[in-house]
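**Q** Have a look at the structure that comes next, please.
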Amino acid sequence: MKFGPLPFAEAEGAIVAHAVKVEGHVLKKGHVLTTHDLAAIAAAGHESVVAARIEAGDVHEDEAARAVAEASAGRGLQLGRAATGRCNLFASARGLAAIDVARLDRLNLVDEAVTVATVRAYDVVEPKQMVVTVKIIPFAVKRDVLDRCIDVAQGARVVRVAPFRPRDVGLVLTRLPGTKAKVLDATRSVVEARLAALGCRLADEIRCDHTTEAIAAAIRDLERRGAALVLIYGASAITDRRDVIPAAVEAVGGAVIHLGMPVDPGNLLLLGRHGALPVLGLPGCARSPRINGFDWILQRIIADIDETREDIMRLGAGGLLMEVAQRGLARAEASPPAPLARAPRIAAIVLAAGQSRRMGPVNKLLTEIDGKAMVARVVDSVLATKASPVIVVTGHEQGRVRQALRGRRVTFVANPDYADGLSTSLARGIDAVPADHDGAVVCLGDMPDVTAGQIDRLVAEFDPVDGRGIIVPTHRGKRGNPVLWGRMFFSDIRRIAGDVGARHLIGEHEDQVAEVAMDDAAVLTDIDTPEALDARRAAS
């Protein structure tokens, strides 16, 4: 192909390379020049025209684009019209864009004249959505270049759409002592919404104890009832191939194909199979509606893409999903937690406004324990944690409380309504949390033995996307304080009235509660009475 300024004597039939304005109109790029056009260009004062002339052995850009698109298209794709050197491929059904990335790279490496761009591999695509665009850069390509491109593409089609195939799915939800039905109900609801988005039906559900025997029996029952896929959500996460859920898959004669995946959230996923029946052990994040590694594997199974363990182990590039937005899955909360691509920012609130009525005339927060005011012991522990800023809510005898904390890097918030109860102090503290923070750990000023390490363990557990938006310490199965609250609960906390805290909200949002077991009873021990104070001093 010749390209460049052509004298008029050689330009008839050539292709305009750049728009030319003549006789009040424009000869656009790609226009094939006629004798009339050339006369008009000359009349406009031009001595030549920048154009391309196709020679023997060249293939026009539109013909070339269509040929490469046809060669690249697998099942589930429809060919669009070729124009201006471009030809697109469109999905004919809803499904996954299955792309042979290595072959696509080979195709694009043949020559700079031919480019093929696609959506990301395994993206969900809708009918009539563009999946592939082929663009020829020059106005024509050499026949041998085109032939090489076709050879690469035709060996195994570069792109296809794997349509979702609706099927009946069985769900196993396991329970441990203390597992609430409300939590299992919420998990079922989220899983059912995921399946519905893929055209599938949650046909059956079994709730059973978290034991190998019970889960194995549930798998057999669901398979017998016609489930084409079994999902298992355990009351406890899978941490080893010998754990309860993988052991149950093997107990029914199945095989564990792979445990774990380089996708976060979603690391703790198990892929198993019992004959032709896929069995998935779900990670904890499966009860969140946000996109996670479970979605990737579920979509591929529903699209009949057979994943090997090697396929799963290659998912690391792009596997950090912490910034991926929610993709149309249902959720009861109006404002679901936003994924974070950084460590969470957690503030600390120390409630130090109470009147200590049960202590008589003494302000318990100012009484000394081991030579230090009780409230100062609490604040010093909190200041040694990763939580920041430390917000101290004062009310009763606030001047004396501030004096006891002099020199410490804290933010004081006055609560003039402290006599109306604990809820008013809690609301004041929540209002003082910086807007860019993700949550707050609420500490009580009368719990002097809670340590910085215990509070940091609560902070480390916080991940609302993974269903850990309320973090509660426990000792021997009993829940205590302090409690870490994600920001999505702040509005509920502000609406509390009277002399009560936010404890009832924990029961209302069990699906977001994570418990952290502590070795000692400090998280259960507050000092409310003279007898409790005497006992604490005697123990020193």
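**Q** Kindly list the residues of segment 29-62 that lie in the label zone of ALA19, defined by a backbone N under 11 Å from the point 7 Å along the Cα-to-C-beta vector.
**A** 29
**Q** Nearest-5 percent of antiparallel DSSP beta bridges in segment 209-296?
**A** Expressed as a percentage, antiparallel bridges in segment 209-296 total about 75.
**Q** So what are the radius of gyration and Dmax for the Cα set of segment 444-483, in Å?
**A** In order Rg, Dmax, the Cα atoms of segment 444-483 give 10.8, 32 Å.
**Q** Sticking with this one: Using a simple spin-label model with points 7 Å from Cα along the Cα→Cβ vector, what separation in nm is obtained for ILE137 and VAL26?
**A** Result: 2.4 nm between the two label points.
**Q** Say each of ASP492 and GLN78 gets a label point 7 Å from the Cα, pointing the same way as Cα to Cβ; how far apart are those two points in nm?
**A** Going from the ASP492 label point to the GLN78 one covers 4.7 nm.
**Q** For every other residue with a beta carbon closer than 11 angstrom to the beta carbon of ILE302, add +1 if it is Lys or Arg and -1 if Asp or Glu, then tell me the sum.
**A** +3
**Q** Also, quick follow-up: So if we plug the beta-carbon distance of LYS478 and GLU250 into 1/(1 + (r/R0)^6) with R0 = 56 Å, what FRET efficiency do we get, rounded to 0.05?
**A** 0.95
**Q** Can you send over the carbon and sulfur percentage of the accessible area for segment 1-107, probe radius 1.4 Å, protein chains only?
**A** Percent of accessible area from carbon and sulfur atoms in segment 1-107: 52.
**Q** Which percent, nearest 5, of DSSP beta bridges in the chain are antiparallel?
**A** About 60 percent, rounded to the nearest 5.
**Q** Still on this structure, please answer the following. Hey, got a sec? Which GluC sites (Glu not before Pro) in segment 1-73 land in a DSSP loop and have at most 13 other Cβ atoms within 10 Å?
**A** Answer by residue number: GLU23, GLU47, GLU55.
**Q** For the peptides 493-503, 441-451, 415-425, what is the packing order when you average, over each peptide's residues, the other Cβ atoms within 10 Å and list the highest mean first?
**A** 441-451, 415-425, 493-503
**Q** What is the sum of charges around ASP100, taking Lys and Arg as +1, Asp and Glu as -1, for the other residues whose C-beta is under 12 Å from the C-beta of ASP100?
**A** +3
**Q** Any idea which of LEU198, VAL244, GLY395 is furthest toward the positive side of the dipole for the chain, if Lys and Arg beta-carbons carry +1 and Asp and Glu beta-carbons -1?
**A** Result: GLY395, furthest along the dipole toward the positive end.
**Q** So which lysines pass the test for LYS180, namely a Cα distance under 17 Å, with those fewer than 8 places away in the same chain ruled out?
**A** The reachable lysines, counting only those whose Cα sits under 17 Å from LYS180, are LYS478.
**Q** If one puts a single equal scatterer on every Cα of segment 336-440 and applies the Debye formula without solvent, what log₁₀ I(q)/I(0) results at q = 0.14, 0.15, 0.21 Å⁻¹?
**A** Debye intensities relative to I(0), on a log10 scale: -0.56, -0.64, -1.10.
**Q** Under 20 Å from a label point 7 Å along Cα→Cβ of ALA196: give me every residue in segment 156-188 with its amide N that close.
**A** Only 164-173, 182-188 fall inside the zone, counting backbone N under 20 Å.
**Q** Here's a follow-up. How large are Rg and Dmax for the chain when only the alpha carbon atoms are used, in Å?
**A** 33.4, 111
**Q** A further question on this structure: As an exercise, find the ratio Rg/Rh for segment 146-222 from alpha-carbon atoms, using the Kirkwood inverse-distance average for Rh.
**A** Rg divided by Rh gives 1.32.
**Q** Identify, among VAL68, ALA93, LEU27, the residue whose Cα sits farthest towards the positive end of the charge dipole of segment 19-109, taking +1 on the Cβ of Lys and Arg and -1 on the Cβ of Asp and Glu, with the dipole about the Cα centre.
**A** So the residue furthest toward the plus end is ALA93.
**Q** I've got another one for you. In deg cm²/dmol and to the nearest 500, what is the mean residue ellipticity at 222 nm of the chain if only DSSP H runs of at least 4 residues count, each as -39500 (n - 2.57), divided by the residue total?
**A** That comes out to -8500 deg cm²/dmol.
**Q** Report the semi-axes of the equivalent ellipsoid for segment 410-540 in whole Å, largest first, where each axis is √(5λ) for an eigenvalue λ of the Cα gyration tensor.
**A** 23, 20, 14
**Q** With r as the distance between the Cβ atoms of ASP105 and LYS182 and R0 = 41 Å, compute the FRET efficiency 1/(1 + (r/R0)^6) and round to 0.05.
**A** Efficiency at R0 = 41 Å is approximately 0.25.
**Q** Here's a follow-up. Relative to the present Cα-Cα distance, how much length would full extension add between ALA419 and ASP456 at 0.36 nm per residue of separation?
**A** 10.2 nm
**Q** Given q = 0.15, 0.16, 0.21 Å⁻¹, what are the Debye log10 I(q)/I(0) values for segment 55-209, with equal point scatterers placed on the Cα positions and solvent ignored?
**A** For segment 55-209 at q = 0.15, 0.16, 0.21 Å⁻¹, log10 I(q)/I(0) is -0.76, -0.82, -1.18.
**Q** Out of every Cα pair in segment 211-325, what percent are spaced more than 21 Å from each other?
**A** 32
**Q** Just to verify a number: FRET efficiency for GLU55 and THR308, C-beta to C-beta distance, R0 = 45 Å, to 0.05?
**A** With R0 = 45 Å, the Cβ-Cβ based efficiency is 0.40.
**Q** What is the percent of Cα-Cα separations in segment 256-299 that go past 17 Å?
**A** 24
**Q** Among 118-125, 154-161, what's the highest-first ranking by average C-beta atoms within 10 angstrom per residue?
**A** The peptides rank, most packed first, as 154-161, 118-125.
**Q** Taking the Cβ of ALA43 as the center, what net charge do the other residues with Cβ under 15 Å away carry, scoring Lys and Arg +1 and Asp and Glu -1?
**A** -2
**Q** Skip the ligands, DNA and RNA, and give the accessible area per residue of the chain with a 1.4 Å probe, whole Å².
**A** 45
The values are calculated or read from the model by the stated rules, or taken from the named source; none is laboratory data. Treat the numbers as computed from the prediction; the structure is a model and nothing was measured. Heads up, the Cβs are rebuilt from the backbone with ideal geometry, glycines too, and the neighbour counts pull from every protein chain shown. Heavy atoms of the whole protein, side chains included, go into the accessibility calculation; ligands, DNA and RNA do not. Shrake-Rupley method; radii C 1.70, N 1.55, O 1.52, S 1.80 Å.
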